[in-house]
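Report on the following structure.
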Amino acid sequence: MIERLKGFRDFYPEDMIVREQIFSTMRRSAKLFGFMPIDYPSLESMELFRTKSGEELLSQTYSFTDRGKREVTLIPEATPSTVRLLGAKKNIPKPVKWYCIPKLWRYEEPQSGRTREHSQFNADIFGDASPIADAEIIGLACETLNSLGLKGSFEVRINHRQIMERILNSMGTRNITEGLNIIDRFRKETRERMIENLAGNLGSKENAEILMSFISEKVPASGADDRIREFFPNIHSEKFSENMSETVSALESWDYSDIVFDPATVRGLTYYTGIVFEGFDREGRYRSIFGGGRYDNLSTLITGQEMTAVGFGMGDAVLENLLREKNLWKIETGPNRYVIITIADEAQKFSLKLAGYLRARGIEAATSNTHKNLSNSLRSATANWYTHAIIIGKKEMESGKATVRNLSTGEQKEMDTADIN
Ligand code: HAM
């Protein structure tokens, strides 16, 4: 047998049913916040990602030259395609709020919560530069997790790229992108290695130690400005901390309150220009559940038009780990699902008519047509998540009634077909 590729996943119905529930919660939350759905190809021109997504992501693409000699890639993230769609229709009145749930591909080292193919819920607002738009985006991510039953199980870490850039500049960085990339690895590297890398970037071990102390601690979001002033009194980042605090108060007014200021959250992607944020499980055991930020320059790079933007991406893999751990990975009980089991050849016509009758009334009704062994058919019915079996034989055909068996209790009764619901 040919095996599945490493880092990819198969989904059988027992998991796919739960995944569909999760995706519909995501869609429902997006709709609640007024977002509209979009979609785009899984394959895009490589150019769309070059110089925009950053070195790390570029090195992870599944890219190749197609038969027409074009350099193409399976999309590793949703944001550039979303921006491309917006740029291609210049006269859409702004602001716009869009969401999508594409599959994405990244050649990463597979581990728990990290796969080479994942589905990602993305939501973005274009043409609204206000801190309230930032709050709507973070709020939607929080609302989605709350609706999945994770209220109180996660925290949102926020920071601001402009603040970090000012700090790095004030400390003599030789390269801001490199400095941010080093900080981004804070929770993955040893302290010694962090100091060594930061000292290389800042040209001073002393500054590296100061920056390291600053990024080592998360504080409540309301304390962000004090924390920055305490460490860096001269960087004048008040405007940015005010923006962040406006975002945080909007979130608190909606009761999304687990927000902390975390200077180590800078995000790996290069295009962010303002607030950046990541959602983590409270214990900090998994990688980020979602991440995003403001990226006001990406549109200029891709489409040549200026367009402010803020958004997030939420992957399915970490979410699955967390939901399983919290016992929330469960098939929800929904409406009854019937399978009509015909146990006599001559009753076939009656069964088919009944299936058509139930379906016309919007009731889920499958047919089971092997006609041989009732107990096998019942076992298969239970394994396929039907709630009830309708057993049709000669007797039922003659009486015009149906024998309905509840598959979880085993209870069986004769019913008028009009009473089945
Ligand atoms: P990202 O942080 O690269 O951001 O990914 C967002 C989320 O996708 C992560 O928090 C994680 O849940 C999930 N994810 C990423 N890579 C993997 C992987 N290899 N396996 C499983 N899950 C993964 C972005 O992609 C940005 N484009 C998000 C965004 C939208 N920014 C603005 N708008």
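General observations
- Restricting the range 286-318 to residues that are without any contact (Cβ under 8 Å) to a residue 40 or more places away in the chain and more than 7 Å from the ligand (Cβ to nearest atom), the residue that is surrounded by the most Cβ atoms within 10 Å (Cβ to Cβ) is 297.
- Filtering the range 387-416 to residues that are surrounded by fewer than 19 Cβ atoms within 10 Å (Cβ to Cβ), more than 17 Å from residue 373 (Cβ to Cβ) and among the β-branched types (Val, Ile, Thr) leaves 387, 409.
- Note on the range 46-60: among residues that are away from the ligand (no atom under 12 Å from the Cβ) and either aliphatic (A, V, I, L, M) or open to solvent by less than 60 Å² (accessible area, probe 1.4 Å) (or both), the one that is nearest to residue 118 (Cα to Cα) is 58.
- Residues in the range 339-356 that are touching a helix residue (DSSP H, G or I) at 6+ places or on another chain (Cβ under 6 Å) and among the polar types (S, T, N, Q): 342 only.
- Qualifying residues in the range 75-108 (those that are in contact with an Asp or Glu (Cβ under 8 Å, 6 or more places away or on another chain) and assigned to a strand (DSSP E or B)) - the one most open to solvent (accessible area, probe 1.4 Å): 103
- From the options 78, 135, residue that is more than 10 Å from the ligand (Cβ to nearest atom) and not aromatic (Phe, Trp, Tyr): 135
- Criterion violated by residue 172 - all others in (1) in contact with a Leu (Cβ under 6 Å, 6 or more places away or on another chain); (2) in a helix (DSSP H, G or I); (3) more than 20 Å from residue 309 (Cβ to Cβ) satisfied: (2)
- Test result for residue 5, at pLDDT 95 or above and outside the structural domain of residue 133 (by TED's automatic domain parsing): yes
- Taking (1) touching a Ser or Thr at 6+ places or on another chain (Cβ under 9 Å); (2) away from the ligand (no atom under 16 Å from the Cβ) in turn, residue 98 satisfies each apart from (2).
- Selection from the range 54-82 of residues that are touching a Phe, Trp or Tyr at 6+ places or on another chain (Cβ under 7 Å) and more than 17 Å from residue 103 (Cβ to Cβ): 58
- Here the condition is being open to solvent by 40 Å² or more (accessible area, probe 1.4 Å), polar (S, T, N, Q), in contact (Cβ under 8 Å) with a residue 24 or more places away in the chain and within 30 Å of residue 326 (Cβ to Cβ); of 253, 245, 153, 216, it holds for 216 alone.
The values are calculated or read from the model by the stated rules, or taken from the named source; none is laboratory data. Since the model is a prediction, treat every value here as computed from it, not as a measurement. Every residue, glycine as well, gets a Cβ built from its backbone with ideal geometry; the counts of neighbours run over all protein chains shown. We work out accessible area using only protein heavy atoms, side chains counted, and drop any ligands, DNA or RNA first. Shrake-Rupley method; radii C 1.70, N 1.55, O 1.52, S 1.80 Å.
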